[in-house]
Structure formats: structure tokens, C-alpha cells
Ligand code: BEZ
């Protein structure tokens with residue numbers, strides 16, 4: 001069941017993974033500088049590129065809802081200009097995302113693009129934005145390489161690098177849960193990034209990895225063989241990362257096979273995040289996880305945000321909605337700083353200075369990794385007022401992506 005392919009996105013690997021379409025688009029710089037006009041006085045056109053279908057559809061919808069919520073709070077304007085959204089479904093495949101990105105930029109003439117959920121899609125469209133010198137603000141996909149070897153001035157992230165929630169968690173798990181672990185992640189870039197980060201700090205602390213499994217992505221299929229492999233290894237603890245539909249499939253199977261409550265589940269927080277907890281039910285109870293936000297995080301911004309989100313949608317907020325909300329704020333702050341001038345170089349320069357108190361705690365964009373400097377929390381799934389939620393049990397402090405592969 002174990003495989004070591006896709007360990008880390010290298011430039012060669014992502015070009016291969018995304019195929020000829022990438023090469024064709026990357027080789028075609030735009031013929032003219034397009035995009036609204038630096039100070040046309042008309043609306044700033046923002047392209048939103050997110051999955052609204054496939055296993056990450058709920059993530060795309062949550063990010064969109066959070067972003068719209070912030071824009072509405074800002075009266076849908078920034079830097080003296082209205083903000084106009086043009087939305088496209090990236091689906092789950094790099095070629096579709098590339099087509100949609102070029103449609104947004106070349107046909108719709110958006111000034112910048114925000115969105116992207118999957119690391120594979122992010123790596124697939126990276127060259128298009130780099131070659132064409134257009135700004136992409138990534139609101140989820142955590143591919144480490146975007147803050148490291150594949151860094152480009154044209155891609156900044158408001159979410160996390162995949163390393164961020166998992167590396168601090170490895171040390172915490174060794175000290176607080178068990179000294180041996182079995183690792184289960186999906187077989188694509190984000191799964192490998194997260195497993196490597198966790199295992200790196202866990203082993204550095206003295207821990208032993210009993211086994212690793214890389215499950216099919218995006219469709220896991222029947223989870224039974226994977227859970228059976230975990231049972232055969234008889235580990236005292238399991239680390240995993242799953243999200244969206246795959247997180248529901250894996251955690252429910254973990255419960256049905258009798259592992260929940262018996263073999264501690266320690267995971268990247270997306271696995272038991274608020275978007276999937278209602279469907280997972282008691283199978284998730286007691287799971288501990290690392291993430292940059294929690295529904296019950298105790299700060300003023302979070303109280304305000306979670307109450308407003310519930311009022312607006314009828315649902316509890318989740319980390320993807322927070323990332324959407326913060327993406328909206330980053331874009332508004334950036335446009336205010338440049339007084340509505342959407343010249344790409346000026347917008348990029350302004351991003352380095354963005355910092356504010358987010359629902360996730362203190363947030364600033366680290367110019368080295370072009371990714372947030374933010375706190376990582378250990379959360380535990382507990383019953384709160386008759387429902388399951390993530391409660392912070394430890395603040396591990398602020399972390400920035402290291403900007404290289406030295407720490408996994
Ligand atoms: C990713 O592909 O980078 C990713 C997807 C869902 C949750 C977290 C990371």
C-alpha cells in the first residue's frame with residue numbers, strides 16, 4: 001500500500017504532472033497588458049477560481065462565502081473603486097483550471113485572480129501566472145514548493161503551507177500522545193507534504209514511523225483495505241490528512257472498524273474540520289489536530305466572525321470560510337494601500353506590508369515565504385452544547401514556512 005511517488009513537488013514533477021497544456025499556456029505570454037487599467041476608475045475586476053464540483057466543492061463554496069462576507073463589510077469597494085467578481089469553477093484538474101485562468105485573464109480581463117484549493121492545481125497553473133506576470137492570491141492550496149523552490153513574485157498565499165500545521169504537530173504528538181505512529185495520506189502533493197512535515201519533526205523528537213500508506217486521490221474508493229492495513233500494523237497512534245469528501249470517508253471508516261476512541265487519531269486539522277464534522281459524527285470524537293484556526297478560538301475577531309457567518313449561512317464557520325474572509329481583507333487592504341492602482345508590481349509591493357488581527361489570531365504576510373506568519377493550534381474534537389466542535393487545547397505559537405525543504 002505504500003508508495004513514495006510525489007514526495008515533494010519538484011519543477012520537473014509538476015511540469016510532467018500537468019502535461020502539455022501547461023507548457024502551451026506557459027509559453028504564450030499575453031500579447032497585451034490586460035486587466036481593467038491601472039487607474040481607470042471603473043471597478044477592480046477580481047477573478048475567483050475555485051472548485052464548485054468534486055470532493056473539494058464545499059471548500060470552494062466556504063471560501064467564496066467568507067470572501068463575499070468580507071467584501072460586503074467593506075461595501076464592495078477598496079482604494080476608491082468598486083470590486084466586481086467573476087467566478088469560475090476550477091474543478092479538480094490542472095488543465096481545466098488553466099483554461100479557466102486564461103479565460104479570466106485574457107477574455108474577462110480581470111486585474112487579479114484569487115482562489116485555488118488543491119496543491120496539484122496550484123502547481124499546474126503556477127507557470128501561467130509567472131510567465132504572464134499576473135497576480136494570483138491563493139486562498140487554500142498549501143503546496144510547500146510555492147513558498148520555496150517554485151516561488152514566484154506573482155503568487156502569494158493567504159492560507160498556509162502544507163508544512164505549517166503538521167511540523168509543529170509532530171513534536172507535540174511525540175510528547176503528548178505516543179512515540180510510534182502509522183501515517184495515512186492521499187497520494188498527491190498535499191498528502192506527501194503533510195506526511196513529510198509530520199514525520200520529520202516526530203522522528204527528530206525520537207519517534208518511530210511504523211508504516212505509511214498513500215491512498216488514491218481524488219477518489220479514495222473503498223477505505224476498508226486501508227483501515228485493515230492500519231489495523232495489521234497495530235500502531236498506538238495514527239497521523240492522517242484528508243479533506244472534504246475524503247475526510248468523511250476515512251474518519252467514518254475509522255469509526256466503523258472500531259479504531260475511533262481506541263487508537264488516537266492525530267491529524268492535519270482539515271481532516272476533522274467543521275465542514276465535515278457533522279457527517280463524521282462520533283467517529284471524530286477525541287481526534288486531535290493541528291491547524292491555524294478553531295471554531296472555539298477565543299478572540300474578539302473570531303467571536304464576531306463566527307456569529308456573523310452563522311447568521312448569514314445558518315451554518316458554523318470553518319477554516320476555509322476564514323481563509324476566504326481573510327483573503328477578502330488582504331485584497332481590500334492591498335487595494336487601499338495602492339489607492340486602487342492595479343498595476344501588478346505595485347499590488348505585489350503592498351502585499352508584503354499586510355498585517356491584521358484575524359479570526360485565526362495575529363496574521364501577517366511573511367515576505368520571505370509569501371505566506372502567512374500565523375499561530376498553529378492543537379485542537380481536540382469535543383462535545384460542546386450538544387454538538388461536536390474543535391476546541392483549542394494548546395497554542396503552539398507563531399510559525400512561518402521555513403522557505404526551504406530543510407524541515408520537511
Ligand atoms: C491542498 O491540496 O493543498 C489542500 C487541500 C485541502 C485542504 C488542505 C490542503
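Please treat every number below as a calculation from the coordinates, not as lab data. Because the structure is a prediction, the values reported are computed rather than measured. Reconstructed Cβ throughout: ideal geometry from the backbone, glycine too, with neighbour counts over all protein chains shown.
In percent, rounded to a whole number, the relative contact order of segment 358-408 is 33, using alpha-carbon pairs under 8 Å and six or more apart. Taking the inverse of the mean reciprocal distance over all distinct Cα pairs, the Kirkwood hydrodynamic radius of segment 227-365 comes to 17.1 Å. Take every Cα pair under 8 Å whose residues are at least 6 apart in sequence, average their separation, divide by the length of segment 268-385, and the relative contact order is 34 percent.
Computed over every Cα-Cα pair of segment 339-404 and binned at 5 Å starting from 0, the pair-distance distribution P(r) comes out as 4, 15, 17, 17, 15, 12, 8, 7, 5, 2, 0 percent. In plain terms, the chain from residue 82 to residue 405 could stretch by 112.2 nm, reckoned as 0.36 nm per residue minus the Cα-Cα distance. For the chain, the relative contact order works out to 19 percent when only alpha carbon pairs closer than 8 Å and six or more residues apart are counted. Along its principal axes, the chain has C-alpha extents of 63, 47, 34 angstrom, given from the largest down.
Stokes-Einstein diffusion for segment 90-208, with the hydrodynamic radius set to the Kirkwood value over Cα pairs and evaluated at 10 °C in a medium of 1.306 mPa s, equals 103 µm²/s. Taking the Cα atoms of segment 297-408, the ratio Rg/Rh between the radius of gyration and the Kirkwood radius comes to 1.03. For segment 165-301, the spread of Cα positions along the three principal axes, ordered from largest to smallest, is 46, 35, 29 Å. Footprinting exposure proxy ranking of 56, 188, fewest other C-beta atoms within 10 angstrom first, gives 188, 56. Label point of residue 131 set 7 angstrom out along Cα-Cβ; within segment 61-102, amide nitrogens under 13 Å from it belong to 98-99, 102.
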